[in-house]
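A short worksheet on the structure shown next.
The values are calculated or read from the model by the stated rules, or taken from the named source; none is laboratory data. Predicted, not measured: the structure shown is a model, and the values here were computed from it. Positions of Cβ are backbone-derived with ideal geometry, glycine not excepted, and every protein chain shown enters the neighbour counts. Accessible surface is based on the protein model in full, side chains and every heavy atom, while ligands, DNA and RNA are left aside. Shrake-Rupley method; radii C 1.70, N 1.55, O 1.52, S 1.80 Å.
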Amino acid sequence: QVQLAESGGGLVQAGGSLRLSCANSGHDFSNYVIAWFRQAPGKEREFLAAISSWSGSIRSYADSVKGRFTISRDNANNMAYLQMNSLKPEDTAVYYCAADAAISRDPISYNFWGQGTQVTVSS
């Protein structure tokens, strides 16, 4: 199974960019769908993007980030990424990567989670 850890969060000005990384220290990374979620204080965990297993040929995005965020994966290095451009203050949240067998926008569907990384966008 996978063991995930996010990195790359930080403080950025509105309009800026960040690339989040999701590193796997477990096994069989290629077999898993990888998704990114975020959670702001007092709000529910929100789906952002997901990429299919193996080739990653299928990608799904939330409307709120479509055209600004890009999900990708590098199976050879057990990594997944979320490139975030044109960041807005409302993107401020803790960002999580998650893994499971099938693409879903429901966080309940994912059994494997990282610890999260804070992204803060200043206006």
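Could you put Lys43, Lys88 in order of accessible surface area, largest first, with the 1.4 Å probe and the full protein assembly present?
Listed by decreasing accessible area, they come as Lys43, Lys88.
Using mean Cβ contacts within 10 Å as the protection proxy, how do 67-75, 91-99, 48-56, 105-113 order, highest first? Mind showing how you got there, number by number?
On the way: 67-75: 16.9, 91-99: 23.2, 48-56: 19.7, 105-113: 14.7.
Packing order, densest peptide first, comes out as 91-99, 48-56, 67-75, 105-113.
Rounded, prolate or oblate: which one fits region 23-62, using the alpha carbon gyration tensor with axes a ≥ b ≥ c (rounded when a/c is under 1.5, else prolate when a/b beats b/c, else oblate)? Mind showing how you got there, number by number?
Numbers: a/c = 4.52, a/b = 1.66, b/c = 2.73.
It comes out oblate by the Cα gyration axes.
Identify, among Gly26, Ala93, Pro107, the residue whose Cα sits farthest towards the positive end of the charge dipole of the chain, taking +1 on the Cβ of Lys and Arg and -1 on the Cβ of Asp and Glu, with the dipole about the Cα centre.
Towards the positive end, the residue furthest out is Ala93.
Measuring from label point to label point, each 7 Å out along Cα→Cβ, what is the Ser64 to Glu90 span in nm?
Each label point lies 7 Å from its Cα, and together they span 0.8 nm.
Just the number please: accessible area per residue for the chain, 1.4 Å probe, all protein chains included, in Å².
About 49 Å² of surface per residue is accessible.
In the chain, what percent of the accessible surface is made up of carbon and sulfur (1.4 Å probe, ligands and nucleic acids excluded)?
Here it works out to 47 percent.
Find how many whole Å separate the alpha carbon centroid of region 97-123 from the alpha carbon centroid of region 32-71.
8 Å
Only four residue types carry charge here, +1 at the Cβ of Lys and Arg and -1 at the Cβ of Asp and Glu. Report the dipole size of the chain about the Cα centre in Debye, rounded to the nearest 20. Mind dumping the intermediate values first?
Numbers: 10 positive and 10 negative charges, 52 e Å.
With only Lys, Arg, Asp and Glu charged at Cβ, the dipole is about 240 debye.
Keeping every protein chain in place, order Leu82, Leu11 by accessible area at 1.4 Å, biggest value first, i.e. largest first.
Leu11, Leu82
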